[in-house]
Structures are given as C-alpha cells and as structure tokens.
Amino acid sequence: MHAEASERVPARVDGWLVAAVAVGLSLGTVVVAPLVLDPGVAWGVKLLVGSMWVAAVGLTLGMAVPVRYLLEPQGLTVRAGVLTLRFAYRDLIRAERVISPLSGPAWSLVRVRVSLDGGGWIEIAPRDRDAFMATLARRAPHLRATPRGLADPKRAPGAMPVRRKGGRSR
C-alpha cells in the first residue's frame, strides 16, 4: 500500500475578522505616527515607541499571515506565519466542530478543535469543515464519527459514536 499524497486544505477567512485586525493596526498607526513625527518629542521616546509599534505589527503579521493547513501522509501540518506545527495522526484523539474566539492559527471563529493525546489542542479553520473531517477520518482511521465530529473511542473521554441503522457504530 502506498501513502496518500499531501493535500492542502484551504483556510476559511472571515472578512470581518480581517477588517477588525486591519482597523486595530490602523488605529495604532494613527496614534503612534503623530508622536513619532512630532519635533517636540525626544528622539529616544520616538525610537522606543516607533520600535515597539513596528515590533507589534511585525509579530502580528509574522504569526498570522499566511495560515495554511496540510494533510500529509503522516499527519496534520499547520503553518501560521513563521510557525510550523506538525501533529502525527496517531496522536489525534478528537476533532470537533466549534465556534470559538480563542487565539489560534485561524482567520475565522468557525473552527475545528483538534485534541491531542496527552493533553492540549489546536483550533484551525478549514474552509470546508465537513470535507476536512471526511479526509481526516480517512487518513486517521482510529477516529470514529461522533455527533460533533470525530473521536478515538479508546482514548477520548466521553466519545459517543454515531449509531448506524442496525445498532452498529461507525
């Protein structure tokens, strides 16, 4: 049997969230620019404030753009700006559809929370959550369908399989 090829999963991007970040960065620039351009402000203050603002914008964009998800032969890869995170399929114990405002490598609140063996989780925002779940179920066959997504019935506490007709679980 040969390994499946890598599959890029398009990220969901909510325009309002991008706009909110852009407005925040713009407002910061409106506040910082007059201070930096004011001839009455000491150079040390200008340098400090300007450097802090450039660092804040750089960190925001460097950790958030671009966001990419990749289902590779051995696991899920999440890229957010300069960060790359890899999760082996065998370490995934749950993938649930959620709506969440928590910080994560996503430009949408409509997400999938992927829980890991040993604790921890990551929230991602694939454009098509159902297609992502179907592909993940195929690549990680230890995960079974549940009402909220997928779970490993042996390792995910409270995982309730979806019942098929005839009483068998998937």
Of the heavy-atom accessible surface of region 1-140 (probe 1.4 angstrom), what whole percent is carbon and sulfur? 66 percent
At 0.36 nm per residue, minus the direct Cα-Cα distance, what do ARG68 and ARG8 gain on full extension? Give it in nm, one decimal, please. 20.8 nm
Dipole check, the chain, charges on Cβ (K,R +1; D,E -1), about Cα centroid: among PRO153, GLY24, VAL9 the Cα furthest to the positive pole belongs to PRO153
Which residues qualify? For ARG127, with a placed amide H closer than 5 Å and at least 5 residues away or on another chain, they are ALA11, ARG12
What helices does the chain hold that run 24 Å or longer along their axis, going by alpha-carbon atoms, with a Kyte-Doolittle average of -0.5 or more, using DSSP H for the helix calls? 15-37, 43-64
Kindly provide the trypsin sites (Lys or Arg not before Pro) of region 43-141 that DSSP labels as loop, not H, G, I, E or B, and whose Cβ sees at most 16 other Cβ atoms within 10 Å. ARG127
Starting from the 7 Å offset along Cα-to-Cβ, what nm value, one decimal, do you get for the label separation of ALA19 and THR84? 3.5 nm
Cβ-derived FRET efficiency at R0 41 Å, ARG138 paired with ALA33, nearest 0.05: 0.20
Within the chain, helix-based [θ] at 222 nm, where runs of 4 or more DSSP H residues each add -39,500 (n - 2.57), nearest 500: -11000 deg cm²/dmol
Could you compute the net charge surrounding ARG86? Neighbours are other residues with a C-beta less than 11 Å from the C-beta of ARG86; K and R count +1, D and E count -1. -1
Quote the charge dipole size of the chain about the Cα centre in Debye, to the nearest 20; the model charges only the Cβ of Lys and Arg (+1) and of Asp and Glu (-1). 1100 debye
Virtual spin-label span in nm between THR60 and TRP43, 7 Å along Cα→Cβ: 2.9 nm
Just one of (i) 1.00; (ii) 1.15; (iii) 0.97 is Rg/Rh (Cα atoms, Kirkwood Rh) calculated from these coordinates, so which is it? (ii)
The chain, accessible area per residue, ligands and nucleic acids excluded (1.4 Å, Å²): 61 Å²
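The values are calculated or read from the model by the stated rules, or taken from the named source; none is laboratory data. It should be emphasised that the depicted structure is a prediction, and the values quoted were computed from it without experimental measurement. Don't worry about glycine lacking a Cβ; one is built from the backbone with ideal geometry, like all the others, and counts go over all protein chains shown. Ligands, DNA and RNA are excluded from the accessible area calculation, which covers all protein heavy atoms including side chains. Shrake-Rupley method; radii C 1.70, N 1.55, O 1.52, S 1.80 Å.
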